[in-house]
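The values are calculated or read from the model by the stated rules, or taken from the named source; none is laboratory data. Every value quoted in this text rests on a predicted model; they were computed, and no experiment measured them. Cβ atoms come from the backbone with ideal geometry, glycine included; neighbour counts cover every protein chain shown. The protein model used for the area step is the full one, side chains on, heavy atoms only, and it has no ligands, DNA or RNA in it. Shrake-Rupley method; radii C 1.70, N 1.55, O 1.52, S 1.80 Å.
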Amino acid sequence: MRSSNPVFSRRGFSRDNGYAGFNTAPQAGGAAVGTQGNPYAQPQAGNPYAQNPYAQNPYAQQDLQHGAPPQAPATTGRMTMDDVILRTGTTLGVLIVTAALAWALLPVDDANISRSYGIGIGAALIGMVLAFVQSFKRKASPALILTYAAFEGVFLGVISSIVDNRIASGAAMQAVLGTMAVFAAVLVAYKAGWIRVNRRFVGFVMAAALGFILLMAVNLLFAVFGGGDGLGFRSGPLGILFGVIGILLGACFLALDFKQVEDGLAYGAPREEAWLAAFGLTLTLVWIYMEFLRIIAILNSSD
């Protein structure tokens, strides 16, 4: 899918692949890497899977349910776990720094809240555009990803300050702890094999995320043109329910992120693809944080 995230339909590490591929170029004198002997990857006449999105996936010979992928030959310039950790840490670091600056420099008292909120919403829109641009790019752009993180951090700093100072004291820290807990739980479950990322899992997550986003879009339209809370999907008991669903979807996308990283390491993805891993993980963590923040705000609202 296109970019990591429930908000954006990510394709994985290469724009032209079906899900988790890094390079779909065929080997000299042969089929694309990972297609030999795979009935899903052979464009044969009469093959019902010829148009399967996994057909161009260099990892297609791996059974997503059983077994381990073959190890890639040792090569230079390949992505390592240290690369993923470093890029992800850098991206999240930029986001956290700009969020802290926005919190400190954009007050949300009665005299300044409108200006600060306007700046935060503007930063969110710019960040969304940048995220879409990166999602459709063939290669990772570190400058684009870090710029997205900076603008997203401004938005998170403003919205977190509003919730923390005007609705529920300590909400931001609670949301951070909740996000960290979900990340740790999904990582443990994934490494233990309790979560198996196969075609059925991917299809279910994509369908659920699409339905969720469409419902939220409809609710937003009703809120903009009809006033109030729209259809009530983001406030009251329904808001809490949809917030929990949003967190569960974010957890599912974390599992997809981990699968992409695992496949990239196993098959020798280029080092620059670590930026795409960082981008996807950042998008997913922001999604989960916002859902936690929303639930905390609803629970502490005086309305």
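How far is it, in nm, from the label point at Val129 to the one at Asn165 when both lie 7 Å from their Cα along the line to the Cβ?
2.7
I need the phi-derived Karplus couplings for region 236-251: 6.51 cos²θ - 1.76 cosθ + 1.60, θ = phi - 60°, integer Hz, Gly and Pro marked x.
Coupling constants for region 236-251: x, x, 5, x, 5, 4, 5, x, 5, 4, x, 5, 5, 5, x, 4 Hz.
With a ≥ b ≥ c the root eigenvalues of the C-alpha gyration tensor of region 246-302, is it rounded (a/c under 1.5), prolate (a/b larger than b/c) or oblate?
Numbers: a/c = 7.21, a/b = 2.98, b/c = 2.42.
Here region 246-302 falls in the prolate category.
For region 129-208, what is the accessible area per residue in Å² when the probe is 1.4 Å?
51
How would Leu177, Leu144, Leu265 line up by accessible area, probe 1.4 Å, largest first?
Leu177, Leu265, Leu144
What does the extension gain come out to for Ala143 and Val224, with contour length at 0.36 nm per residue minus their alpha carbon separation? Please report the intermediate quantities before stating the final value.
On the way: separation 81, 0.36 × 81 = 29.16 nm, distance 3.39 nm.
Stretched out fully, the Ala143 to Val224 stretch lengthens by 25.8 nm.
Could you tell me how many cubic angstrom of Cα convex hull volume region 87-218 has per residue?
Per-residue hull volume (Cα only) is 151 Å³.
Suppose R0 equals 51 Å; then what is the FRET efficiency for Met81 and Ala111 from their Cβ-Cβ distance, rounded to the nearest 0.05? Please list the in-between numbers first.
Details: r = 48 Å, r/R0 = 0.95.
Efficiency, from the Cβ-Cβ distance: 0.60.
Using a 7 Å offset from the Cα along the Cα-to-Cβ direction at both Ala184 and Arg199, what is the distance between the two label points in nm, to one decimal?
Here the modelled spin labels are 3.7 nm apart.
In square angstrom, rounded to the nearest 10, how much accessible surface does Phe253 have for a 1.4 Å probe?
0
By the gyration tensor of its Cα atoms, with a ≥ b ≥ c the square roots of the eigenvalues, what is the shape of region 146-228: rounded for a/c under 1.5, prolate for a/b over b/c, or oblate?
Oblate.
Compare the peptides 110-121, 157-168, 81-92 by average per-residue count of other Cβ atoms within 10 angstrom and give them in order, highest first.
On the way: 110-121: 14.1, 157-168: 21.2, 81-92: 17.5.
Listed from highest to lowest mean packing, they are 157-168, 81-92, 110-121.
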